[in-house]
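The values are calculated or read from the model by the stated rules, or taken from the named source; none is laboratory data. The structure displayed is predicted, hence computed values, not measured ones. Note that we place each Cβ from the backbone using ideal geometry, even for glycine, and neighbour counts take in every protein chain shown. Calculation scope for accessible area: heavy atoms of the full protein, side chains included, ligands and nucleic acids excluded. Shrake-Rupley method; radii C 1.70, N 1.55, O 1.52, S 1.80 Å.
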Amino acid sequence: MLNLLRQIVQEVNNAGDLDAALGILVDRVQQAMNTEVCSVYVYNAKTKRHILRATKGLNAASVGKVSLSNNEGLVGFVAAREEPINLDDASKHPKYHFLSGTGEEKFNSFLGVPIINQKRILGVLVVQQSDRRKFDESEEAFMVTMSAQLAGVLAHAEATGQVLERPDQFKKKKVKQDVVVKGAAAAPGIAIGTVVVLSPTADLYDVPDRTAQNVDDEILRFKHAIDGARMQIKQVGEALKDLRPEEQALFDVYIRMLDDDALGSEVTRRIKENNQWAQGALRDVIFEYVAHFDKMDDAYLRERATDIKDLGARVLAQLQDTIELVSDVDFPEHTILVSEELTPSMLGEVPENKLVALVSAKGSANSHVAILARAMGIPTIMGAVDLPVKQMDGIKLVVDGYRGHLYTHPSPRMLEQFQAIVEEEKALVQGLEAIKELPAQTTDGHRLKLLVNTGLITDAYRSLDKGAEGVGLYRTEVPFMMRDRFPSETEQANIYRSQLEAFAPQPVTMRTLDIGGDKALSYFPIEEDNPFLGWRGIRVTLDHPEIFLLQVRAMLKASHGLNNLKIMLPMITSTSEVEEALHFIYRAYQEVIEEGIEVEMPEVGVMIEVPAAVYQAKQLASMVDFLSVGSNDLTQYLLAVDRNNPRVAGLYDSFHPSVLAALQHIVNAGKSENCPVSVCGEMAGNPAGALILMAMGYDMLSMNATNVPRVKSVLRSTDLIYAQEVLSDVMQLDSAQVIGSTLELALNKLGQSRMLGPRAT
Ligand code: PEP
Ligand code: MG
């Protein structure tokens, strides 16, 4: 049963559009259930009717013609109740409504299950037969399982179909304009530009459609790639000398598959006939083979699909290497980088002056790539799951990074509207220039320190420009992520030195390596079922003193003569971790002194990012020189919401009353020990968040450079008493949404709601 389910879902998934998907669906379910009829009714939210969109067994001519309103007939009743209905004689049911012309009068029994995705009813799946018998429990369970699995697939097909829909099939050039696709607002700003699709690794699923510049060159590239892959497989086989002969023979099979004329000649034919680039042709051929093998009933033959996929990925890797994917792409003036899954290293692939926006189908606003994008001030949308990424290369796009909306093929009206917002934004930024040199001080003289979060050296220069007073969080893992091996002590010292020098004499708070979770190093892979609850941050570095000591030594040496270094420990959950880390830091310090380099012992602080640390904040504060709240992870762990998962992104909210209560508790605990406390998560850079953090008693906030002037503008427009009144109001509220709106209103009263970004779109 499970195999059958998987097979049907996969076939539906691979269908080209919604109609093809529904056609396959009714066909396969009718076969699997061995019924006379299987139909699917799709709900149209505009007309509020369930339309017969595909059927096997009813009169095909009524497809698209008959429909039922909500709660009308059995189909409408299933949808309204959001529950299956299983009847042996449908016509006896009070809700029965005869649909003339469908031929359904012949059928007596009826089983209808709703198709629901993320609380939204998409339609109803129905099977019918003439026998007067109720469908049994296992049949009903099969239909419910099938419908639950298909809901996401259908929702996706429906949404992507919208983007690709052509109003006139004959005038192919005329595409539907201004189709909106929603994702998570990950970095603010508006951008208008042209899409370039990049694939992260050698993943066939991410290869975009692209026409061949030169067919002969593409064929030659493909031939080289096949040779390269063959050589590689041979080497892998030879290197694994301990394998038994029958296992070694597998490599011969692989090589023979490459020798086989079928695969190679099929790809070459497609390049020629469809004027396709080699990567796209390879993708299509491999997927066809895979679909063919996947359908086989024999388990051994089905497994061949995996071999073919693997082979395809190897050839693709060769192709991407040969053509040097990145340098080969001709980036347009206003490039919008679109990818199935954006990675931090991709950001560096486009010349900085050409990159205007980023869009990723996977990930969320809290992914590290989004944090980097915010640091670089590039409007970004994450988790745009309904984006047909592969078909988007070269199209025009508007990205609204404030609301997380993007618009494909924008009409002149839409372009004009967004161009006006771009101009307004420019004017706002210029206006903020005026307060660059002024302190972040309230009208009644309460002074706050605004610091920046950095990761790249370019962040440092950008920050100085914005009037930052030091670095509250330098994410040292960023330079580690940009390499293919651990940087040496000298390499690290050089990188750290440039950060310290850029800000001296102001402080630079360097966080020790915080990898794990969603931050992977290609050369130090960590495979875990629950990476956010696993080997992350300080846990990794305490288990690897050689990495920790080397990093701290590099930091200390870099601070020689500047003495503006502070060291911060991520993901602390217990006092013993702090003791152990302090011990290593003292040891590294002694070693540096023994080498004859006179440096000062830096201040050491702890990040409060997990609930355990919240409740031990007082004890932790007594052990170190400062505390800094990582509100991104703190929100994730308090609310048990993965910060990267778009499915639950709506639940991730740092204004949740429990998060606010924790934040108040931490600052009180720190102050009771005379220990300075700051916030360095994204909440600090939100002008509304900054207002209440100041009221709670935080006296240092660290944020992305782009937000410094906005936060400063808000703080300079208020007095502390007003901020405290707002805080006391929101602390009485029990819903994150209501708190968010209350804060927006509070900024409005200060005449500062513009600092939250444009709302007029
Ligand atoms: C945080 O968790 O809030 C934080 C600042 O650290 P990061 O986002 O790098 O995990
Ligand atoms: Mg963190």
Practice task
State, to one decimal in nm, how far the label point of Asn3 lies from the label point of His292, with both points 7 Å from Cα in the Cβ direction.
Solution key: 2.0
Handout entry: Solvent-accessible ranking of Thr35, Thr211, largest area first, probe 1.4 Å
Key = Thr211, Thr35
Practice task
Taking the Cα centre of the stretch 517-568 as origin, work out the dipole magnitude from +1 charges on Lys and Arg Cβ and -1 charges on Asp and Glu Cβ, in debye rounded to 20.
Solution key: 440
Exercise for the section: Loop only per DSSP, at most 11 neighbouring Cβ atoms within 10 Å: give me the chymotrypsin sites (Phe, Trp or Tyr not before Pro) in the stretch 387-490, ordered by residue number. Expected result: none
Problem - Cα centroid separation - the stretch 118-146 against the stretch 638-704, whole Å - result: 47
Handout entry: Virtual spin-label span in nm between Asn494 and Asp136, 7 Å along Cα→Cβ
Key = 7.3
Practice task
May I ask you to list the GluC sites (Glu not before Pro) in the stretch 46-113 that are in a DSSP loop and have at most 11 other Cβ atoms within 10 Å of their Cβ?
Solution key: Glu82
Handout entry: Lys, Arg +1 and Asp, Glu -1 on Cβ, resulting dipole of the chain about Cα centre, debye, nearest 20
Key = 2380
Completion exercise
Taking r as the C-beta separation of Asn214 and Ala427 and R0 as 56 Å, the FRET efficiency to the nearest 0.05 is 0.75
Exercise for the section: Grab the beta carbon distance between His93 and Ser522, set R0 = 56 Å, and tell me the FRET efficiency rounded to 0.05. Expected result: 0.40
Problem - Modelled FRET efficiency - R0 41 Å, Ser728 with Arg120, Cβ distances, 0.05 increments - result: 0.60
Completion exercise
Expected unfolding gain across Ala612-Ser741 under the 0.36 nm per residue rule, minus the alpha-carbon gap, is 43.4 nm
Exercise for the section: Report, in whole Å, the centroid distance computed from the Cα atoms of the stretch 608-634 and the stretch 32-75. Expected result: 57
Handout entry: Extended-chain gain in nm, criterion 0.36 nm per residue less alpha-carbon gap, Ala20 and Asp178
Key = 54.4 nm
Exercise for the section: Measure off 7 Å from each Cα along the Cα-to-Cβ vector at Leu562 and Asn59, then give the distance between these two points in nanometres to one decimal. Expected result: 8.1
Exercise for the section: Report P(r) for the chain: all Cα-Cα distances, bin width 10 Å, range 0 to the bin holding the largest distance, values in whole percent. Expected result: 2, 12, 19, 21, 20, 15, 8, 2, 0, 0
Exercise for the section: Between beta-carbons, use under 15 Å as the cut-off and find the net charge around Val738, counting Lys and Arg +1, Asp and Glu -1. Expected result: -4
Fill in the blank from the handout: For the table Lys176/Lys295; Lys56/Lys95; Lys65/Lys92, the rows whose alpha-carbon distance is greater than 32 Å are Lys176/Lys295
Practice task
Lys and Arg at +1, Asp and Glu at -1: add these up for the other residues within a Cβ distance under 15 Å of Val29 and post the number.
Solution key: -1
Fill in the blank from the handout: For the stretch 51-156, the dipole about the Cα centre with charges only on Cβ (Lys and Arg +1, Asp and Glu -1), to the nearest 20 debye, works out at 340
Completion exercise
Helix-only [θ] at 222 nm, the chain, -39500 (n - 2.57) per DSSP H run of 4+, per residue, nearest 500, equals -14500 deg cm²/dmol
Exercise for the section: Multiply the residue separation of Lys272 and Glu105 by 0.36 nm, subtract the distance between their alpha-carbon atoms, and state the gained length in nm to one decimal. Expected result: 54.9 nm
Practice task
Would you please classify the overall shape of the stretch 1-153 from the alpha carbon gyration tensor, given that a ≥ b ≥ c denote the square roots of the eigenvalues, rounded means a/c under 1.5, and beyond that prolate means a/b larger than b/c while oblate covers the rest?
Solution key: rounded
Handout entry: Coil-residue chymotrypsin sites (Phe, Trp or Tyr not before Pro) of the stretch 37-79, DSSP, other Cβ within 10 Å capped at 12
Key = none
